Amino acid sequence: MSSTTTTTTTSEGGGGEALKDQGNEFFKAGNHLKAAALYTQAIKKDPSNPTLFSNRAAAFLHLAKLNKALADADATINLNPQWEKGYFRKGCVLEAMERYDEAVAALQIALQYNPKNTEVSRKIKRLEQLAREKKRTQELENIRSNVGLEKYLDSFKSELFENYKAEDCCKEIFSFVLETMELAVKSWHETAKVDARVYFLLDKEKTQTDKYASAVSIDKAFESPHTHSSCFSFLRQYGEDSFSRAACLVAPKSIVSYPQVWKGQGSRKWRHGQSDGFFVQLESPFMRKLWFISSSTEKGQILCRDPDALDVNAHEILPRLFKESLL
């Protein structure tokens, strides 16, 4: 008769303690499925024994049956609320579930019953760090997936509405800038790049939309002073012929020769160092604005920083596209 058959026969006829011991042997050998089965048989014979539930919780944890493991850990605690092992098991299962704050809470109770347990103390410190990292990662993902830049454009919005009397036009231009900026941020978060383009706010009544698109690529505009000048001339004529109300440039810093050639001191001086990012420049007959949105990488996630308003006269990416008119 094989050793396995002998063990099974003994298991069926043995008491709860014998079944537990056999389960322990299988657990030590790495056969957690067989161990869990033996602990289950033992529990049927001795359902008030917290050790059996604790052992089965450990077996279920190794089998990645986390809900069952958690239920057994809770059963262990209910059967013996003063035994540290039940709280330790619960902490380990909650750790595997990545419920780090709850895991720490369970382990802290375990430590109360055995303050000298250095293993638990070390695990608490490690899980507290994991909890902080998880929280920050979730915060970053929330920021990346829920782009809301309107609050960062308050001063621009106030200036727009205070100085320009046509409220509908103000709302249209503000929405145009906000949408352009948010789309650029989403693109940067997803791909770490934006396409160099000028977006035009076309006149719904006058523009021949079959002839004029709402966006023009300018990826070659910064290759030389000549292409830059030609691009500017083309865009200025395009804005006039299409009866555009405004235009919004989006360009990654990497393709612009600035800020290396920008000169001046104080507020004119480039203050973003080597930070990567992109520019958004608003052009309209009555207002010009420029922002730089820098980016960084945190916990493997690309994150755009808050838009920083620049002096458009000092840092313009393109010269004025529209003939100036009073507010």
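Just so it is clear, none of the values below were taken in a lab; they were calculated from the coordinates. Keep in mind that this is a model prediction, so the values were computed, not measured. Every residue, glycine among them, receives a Cβ derived from its backbone with ideal geometry; neighbour counts consider all protein chains shown.
One table, with the values for the structure above:
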| read-out | value |
| --- | --- |
| Computed label-point distance, nm, for sites Arg132 and Asp101 using a 7 Å Cα→Cβ extension | 1.6 nm |
| Exceeding the 28 Å Cα-Cα cut-off - candidates Lys157/Lys253; Lys206/Lys323; Lys165/Lys253; Lys186/Lys220 | Lys165/Lys253 |
| In sequence order, calculated HN-Hα J values of the stretch 279-292 (Karplus, 6.51, -1.76, 1.60; Hz; x Gly/Pro) | 9, 10, 10, 8, 10, 8, x, 10, 7, 10, 9, 9, 10, 10 |
| Ranked packing of 231-243, 148-160, most packed first, by mean Cβ within 10 Å | 231-243, 148-160 |
| Kirkwood-type radius of the stretch 3-143, with distances r between different C-alpha atoms, in Å | 16.0 Å |
| Restraint check, Lys65/Lys134; Lys65/Lys299; Lys20/Lys85; Lys171/Lys289; Lys44/Lys68; Lys20/Lys44, Cα-Cα greater than 18 Å | Lys65/Lys134; Lys65/Lys299 |
| Calculated Cα extents along the principal axes in Å (choose from [x] 58, 49, 36; [y] 64, 43, 40; [z] 97, 43, 39), label | [z] |
| Whole-Hz couplings from phi, Karplus 6.51/-1.76/1.60, listed for the stretch 75-92; x for Gly and Pro | 5, 4, 5, 5, 6, 8, x, 9, 9, 5, 4, x, 6, 5, 4, 4, x, 5 |
| Amide H contacts of Glu298 (H built 1.01 Å from N, under 5 Å, at least 5 apart or other chain) | Leu303 |
| Total charge dipole magnitude, the chain, about the Cα centre, Cβ charges on Lys, Arg, Asp, Glu only, Debye to nearest 20 | 920 debye |
| For Leu318, residues with placed amide H under 5 Å, excluding near neighbours | none |
| Amide H contacts of Ala246 (H built 1.01 Å from N, under 5 Å, at least 5 apart or other chain) | Leu201 |
| Listed peptides 188-196, 296-304 by packing density, highest first (mean Cβ within 10 Å) | 188-196, 296-304 |
| Gyration tensor over alpha-carbon atoms, the stretch 70-175, equivalent ellipsoid semi-axes in Å | 54, 13, 10 |
